[in-house]
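Novice: Okay, here's the structure, questions in a sec.
The values are calculated or read from the model by the stated rules, or taken from the named source; none is laboratory data. Because the structure is predicted, anything quoted here is derived from the model rather than measured. Glycine also receives a Cβ, built like all others from the backbone with ideal geometry; neighbour counts cover every protein chain displayed.
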Amino acid sequence: MATSWNGLSSVLPEESYMTLITALAFTVLWLLWSISSYFRCRNRLPLPPGNFGFPVIGQTVEHLLALRTADGIRQWMQKQVDKHGPVFRYRFVGYPMVMMSQPEGNKFIFQNEGLSNHIFWPSHISTMFGPHAVITQSGERHKLVRCHLNRFFDRAAMGRYIHGVNCNAIRHFTNHWQGKEQLVALDIINFFTGSCVCNLALSLEEGPLMYRILEETQTWIGGLYCLPINLPGFRYYKALKARGSIFKLLDGLMEQRRQMIAEDHVPEALQNDILNSLLTVPDEEGNLRQDSFIKDNLLILLFGGYDTSSVTLAMTIFYIAKNPHVYEQILQEQKLIVDGKCSSGENENALTMEDISAMKYTWGAIQETLRLHPVLTGSYRKTVTDLEYEGYHIPKGWLLNWNSQHSHYNPKYFKDPFKFDPSRWEKRPPPFTYLPFGGGVHLCLGYEFARMEMLIFIHHLVRNFSWSLVDPSYDGPIIRDPLPRTKDRVLINVKRVIAS
């Protein structure tokens with residue numbers, strides 16, 4: 001005989017009765033959720049093709065090893081594209097990652113930044129940059145920090161800096177090139193770019209303190225793209241130690257400057273540098289910046305204005321040496337600028353922003369170097385909502401990787417892509433195919449400064465020196481350590497010429 005619910009309730013303890021009701025309720029809810037999930041999954045787009053590889057680690061080691069040479073990451077990407085197509089998934093430092101290796105993917109990421117995705121760095125790299133650095137910020141916070149720093153890097157600011165950078169270049173060639181027959185170009189150029197950025201940020205001239213800061217910065221940069229093993233002897237450990245050393249040096253400079261500010265005795269030459277602004281200009285809430293904020297962002301500025309520019313100039317020198325006709329065309333362009341200044345009675349060594357704008361072929365040579373060997377090959381964004389892209393479903397919390405290597409070497413966008421050809425820059429490439437300075441709201445803050453600095457350097461270089469590679473037959477590999485360079489750091493023979 002069937003037992004009624006009322007009868008059952010009379011023979012079961014109250015606790016058992018409530019347990020049974022709860023179990024039945026959860027069972028019903030689970031069935032409803034399962035049915036709903038079935039129909040959702042049936043209608044959902046597929047995940048991007050690819051595989052996640054080993055648990056947790058995925059393809060992290062394989063990807064980092066590929067980054068060690070310029071061709072390595074391009075070849076790794078091409079292998080994945082050949083196998084899976086232009087959009088594929090893999091796992092990197094524990095995160096599911098989607099590579100969008102075509103211009104449309106770059107456009108999708110940049111135009112949706114702050115809406116469906118935001119900036120992301122693996123935790124070990126975020127630790128290296130610091131929690132307050134502009135490069136790690138997103139949304140409104142990034143906008144406010146960038147706004148504070150942007151006034152040092154807009155076109156109006158370049159007009160204020162050009163005289164100092166020009167004088168620095170003249171002094172650099174007199175002190176470090178004149179009288180030399182052979183040079184390691186990358187090491188020597190570090191003195192120039194390091195001096196420029198230290199003067200801009202800290203009003204530091206060449207000397208022991210500047211050299212110490214730059215030496216520690218190089219060690220710090222060396223740990224950005226390596227396995228995050230924080231044990232003695234490993235690069236990441238050394239990089240973290242270097243970060244601490246840099247901050248101690250900055251602490252000393254900040255203490256000195258604060259004392260000058262308190263006594264109202266800041267020399268005029270120091271009043272317009274970035275350090276002074278960070279110490280005296282309040283944030284959006286009217287409060288002065290914390291020391292950790294100041295140091296994080298000064299370190300990022302040292303990184304952006306030091307090694308990135310020096311490796312680009314060294315590699316440009318390498319390619320000019322490999323292509324003598326490029327040297328001749330650059331020299332003729334610079335002579336035209338000087339001749340025009342002389343005919344109008346101007347100082348031939350006093351460059352202006354108009355002169356910089358006239359260096360179109362020279363800038364084309366630098367752009368071509370950056371196409372072949374960009375300092376930054378790509379970076380990461382994290383999805384904040386489920387996405388649909390190119391017929392694929394990308395879940396919330398996955399990473400997106402924009403990357404320039406596929407388009408930079410694609411003959412569809414750059415004819416004969418392995419050829420060094422500055423004349424190709426007489427026309428603009430299609431949008432989102434050329435990204436050496438990144439894109440979107442995180443476009444390189446110091447782009448205009450780097451452009452001016454590098455053009456001034458090449459101007460004085462070709463007017464005063466000719467050079468050749470010590471090993472003219474060298475064609476690679478180009479090492480990324482983590483920035484691009486030749487094995488010999490661009491070792492060159494140098495010959496003084498008469499400026500005209």
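Novice: Could you run through the range 205-221 and say how many residues are touching a residue at least 12 places away in the same chain (Cβ under 8 Å) and not in a helix (DSSP H, G or I)?
Specialist: Going through the range 205-221 one residue at a time, the tally reaches 1.
Novice: Also, quick follow-up: Of (1) at pLDDT below 95; (2) acidic (Asp, Glu); (3) in a helix (DSSP H, G or I), Asp355 satisfies all except one. Which?
Specialist: Only one criterion is unmet by Asp355, namely (1).
Novice: Using beta carbons and a limit of 6 Å, which pairs, at least six apart or on different chains, have the first residue in the range 135-161 and more than 13 Å from Cys444 (Cα to Cα) and the second one assigned to a loop (DSSP other than H, G, I, E, B) and among the acidic types (Asp, Glu)?
Specialist: Close Cβ pairs satisfying both conditions: Leu144/Glu284.
Novice: Next question, about the same structure. It is to be established whether one or more residues within the range 136-158 are within 30 Å of Tyr90 (Cβ to Cβ) and not in a helix (DSSP H, G or I).
Specialist: Yes, that holds for at least one residue.
Novice: Is the range 141-160 home to any residue that is over 29 Å from Arg381 (Cβ atoms), hydrophobic (A, V, I, L, M, F, W, C), buried (at least 17 other Cβ atoms within 10 Å of the Cβ) and at pLDDT 90 or above?
Specialist: yes
Novice: While we're looking at this one, here's another question. In the range 217-248, what residues are among the aliphatic types (A, V, I, L, M) and surrounded by fewer than 17 Cβ atoms within 10 Å (Cβ to Cβ)?
Specialist: Leu227, Ile229, Leu231
Novice: Would you mind stating whether Lys412 is of a type outside the set (Val, Ile, Thr), more than 16 Å from Phe120 (Cβ to Cβ), in contact with a Ser or Thr (Cβ under 9 Å, 6 or more places away or on another chain) and surrounded by fewer than 22 Cβ atoms within 10 Å (Cβ to Cβ)?
Specialist: When the stated conditions are applied, Lys412 passes them.
Novice: Still on this structure, I have one more. Have a look at Tyr447, Tyr434 and point out the one that is surrounded by fewer than 18 Cβ atoms within 10 Å (Cβ to Cβ), closer than 30 Å to Arg151 by Cβ and in contact (Cβ under 8 Å) with a residue 60 or more places away in the chain.
Specialist: Result of the check over Tyr447, Tyr434: Tyr447.
Novice: Mind counting the residues in the range 70-92 that are without any contact (Cβ under 8 Å) to a residue 40 or more places away in the chain, under 22 Å from the mean Cα position of the chain (by Cα) and either part of a loop (DSSP other than H, G, I, E, B) or within 22 Å of Lys412 (Cβ to Cβ) (or both)? Give the derivation first.
Specialist: Quick first cut of the range 70-92, residues without any contact (Cβ under 8 Å) to a residue 40 or more places away in the chain only: 75-76, 79-80, 82-85, 91.
This time we only want the ones that are under 22 Å from the mean Cα position of the chain (by Cα), so: 75-76, 91.
In the following step, the residues that additionally are either part of a loop (DSSP other than H, G, I, E, B) or within 22 Å of Lys412 (Cβ to Cβ) (or both) were identified as 75-76.
So the answer is 2.
Novice: For the condition at pLDDT 90 or above, under 18 Å from the mean Cα position of the chain (by Cα) and in a strand (DSSP E or B), what is the one hit in Ile109, Ile119?
Specialist: On the way: Ile109 fails: in a strand (DSSP E or B).
Matching residue, one of Ile109, Ile119: Ile119.
Novice: Report yes if Thr217 is among the hydroxyl-bearing types (Ser, Thr, Tyr), within 20 Å of Ile294 (Cα to Cα) and in contact with a helix residue (DSSP H, G or I) (Cβ under 7 Å, 6 or more places away or on another chain), otherwise no.
Specialist: yes
Novice: May I ask you to list the residues in the range 381-409 that are of a type in the set (Phe, Trp, Tyr) and either closer than 26 Å to Lys322 by Cβ or crowded, with 21+ Cβ neighbours inside 10 Å (or both)?
Specialist: Trp402, Tyr409
Novice: Of the residues that sit in the range 176-216 and are surrounded by 14 or more Cβ atoms within 10 Å (Cβ to Cβ) and of a type in the set (S, T, N, Q), which one is farthest from Met452 (Cα to Cα)?
Specialist: Filtering first and then ranking leaves Ser203.
Novice: Continuing with the same structure: Name the pairs: first residue in the range 474-500 and over 12 Å from His373 (Cα atoms), second residue among the charged types (D, E, K, R) and buried (at least 19 other Cβ atoms within 10 Å of the Cβ), Cβ to Cβ under 7 Å, at least 6 apart or on different chains?
Specialist: Here the result reads Ala499/Arg463, each pair linking the range 474-500 to a residue that is among the charged types (D, E, K, R) and buried (at least 19 other Cβ atoms within 10 Å of the Cβ).
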